[in-house]
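The values are calculated or read from the model by the stated rules, or taken from the named source; none is laboratory data. Quick caveat, the model's predicted, so the values are computed rather than measured. Using ideal geometry, Cβ is built from the backbone for each residue, glycine included, and neighbour counts are taken over all protein chains shown. Calculation scope for accessible area: heavy atoms of the full protein, side chains included, ligands and nucleic acids excluded. Shrake-Rupley method; radii C 1.70, N 1.55, O 1.52, S 1.80 Å.
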Amino acid sequence: MALNEVRATADQLLALVADLDDATARGDSNLPGWSRGHVITHIANFSEAMTRQVDEALQGRLIEVYDGGRPARDAAIEAGADRSAADLRAHLTQAVTTLLASWDKVSPTDWPLPILHRNSNLSAGLQATWRELTIHTSDLNLGITPATWSEDFCLHLLDFLRPRTPDNIHLILESDSTTWENGTGEEAKLTGALTDLTAWYAGRPTPGPITGPTPSLLPWP
């Protein structure tokens, strides 16, 4: 996964919200209890938080992802969700553009530098940015669905989400292009398009059908 894939995802996201109006911003996203304004605010706030992770890491420093932790993160999303569409668009554009500029500063030797986001490093932080932008673009419920996810992204996301497989379940996800397996125990085999199988594993609506038993998944890791 390269920075150009993250940039392409960011371009798609910003183009999607370019004509957002107030009524649409208040409409439901694909995330229960969240409007599109909630999702946009979350993406913008995440982008600002990740920018701090990158900039501080490049200076040899570690910084908390969100000042005040998860409670402050959640409160900021609620506080920003009902802003005007113009304010939401401006915040998102500024935050995402600034984050991309920070990623551009990372040299090939910088990627192992530690960050506090998931106690990982800049390489993992770029992957997290890829996930956040890609998944939440689909969550906006504005016509972009997981059917647009690339095979590389699906395989990355499936591996990232391996902790969601319940104990004592041997989960098999079979598509025309690949067979992905995780866990041990009672077999649960699902078939469908790779994008639909990945969307299900990520807890998102599936654009197309999947067949087979769908066990209750563990929380997002």
### Message
At 1.4 Å probe radius, can you tell me the per residue accessible area of the chain in Å²?
### Response
47
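Give me the Kirkwood hydrodynamic radius of the chain in Å, from all C-alpha pairs, to one decimal place?
Numbers: mean 1/r = 0.0544 Å⁻¹.
Averaging 1/r across every pair of different Cα atoms and inverting gives 18.4 Å.
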### Task
Once you have a ≥ b ≥ c as the square roots of the Cα gyration tensor eigenvalues for region 1-112, tell me rounded if a/c is under 1.5, and otherwise prolate or oblate according to whether a/b is larger than b/c.
oblate
### Query
Distances over 15 Å make up what percent of all Cα-Cα pairs in region 36-102?
52
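Kirkwood hydrodynamic radius, region 93-221, all distinct C-alpha pairs: what's the number in Å?
Working: mean 1/r = 0.0621 Å⁻¹.
It is 16.1 Å.
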#### Entry: Cut-off under 5 Å, modelled amide H: who pairs with Ala188 long-range
His170, Leu171, Ile172
### Task
Could you run the Debye sum over the Cα atoms of region 1-60, one equal point scatterer each and no solvent, and tell me log10 of I(q)/I(0) at q = 0.20 Å⁻¹, two decimals?
-0.90
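What helices does the chain have that are whole DSSP H segments, at least 27 Å long along their own axis by Cα, and with mean Kyte-Doolittle hydropathy of -0.5 or more?
Details: long enough: 36-58 (33 Å, -0.18); 85-104 (28 Å, 0.32).
Passing helices, by number: 36-58, 85-104.
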### Query
Relative to the Cα centre, what is the charge dipole magnitude of region 120-221, using +1 at the beta carbon of each Lys and Arg, -1 at the beta carbon of each Asp and Glu, and rounding to the nearest 20 debye?
260
### Query
What is the projected area of the convex hull of the Cα atoms of region 47-151, averaged over all directions, in nm²?
7.7
### Query
So, with +1 on the Cβ of K and R and -1 on the Cβ of D and E, and no other charges, what is the size of the charge dipole of region 70-120 about its Cα centre, to the nearest 20 debye?
100
### Query
By per-residue mean of other Cβ atoms within 10 Å, what is the highest-first order of 107-113, 34-40, 187-193?
34-40, 187-193, 107-113
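Can you give the local net charge around Leu171? Use residues other than it whose beta-carbon is closer than 12 angstrom to its beta-carbon, Lys and Arg +1, Asp and Glu -1.
Details: positive: Arg162, Arg164, Lys189; negative: Asp167, Glu174, Glu181, Glu186, Glu187.
Summing Lys/Arg as +1 and Asp/Glu as -1 gives -2.
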### Query
Size of the dipole of region 1-140 about the Cα centre, Lys and Arg at +1 and Asp and Glu at -1 on the beta carbon, nothing else charged, in debye to 20?
280
## Note on the structure
In whole angstrom, the spacing between the Cα centers of region 1-79 and region 170-221 equals 27
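Could the peptides 6-18, 71-83 be put in order, highest first, of the mean number of other beta-carbon atoms found within 10 Å of their residues? Mind dumping the intermediate values first?
Working: 6-18: 16.8, 71-83: 14.8.
Result, highest mean first: 6-18, 71-83.
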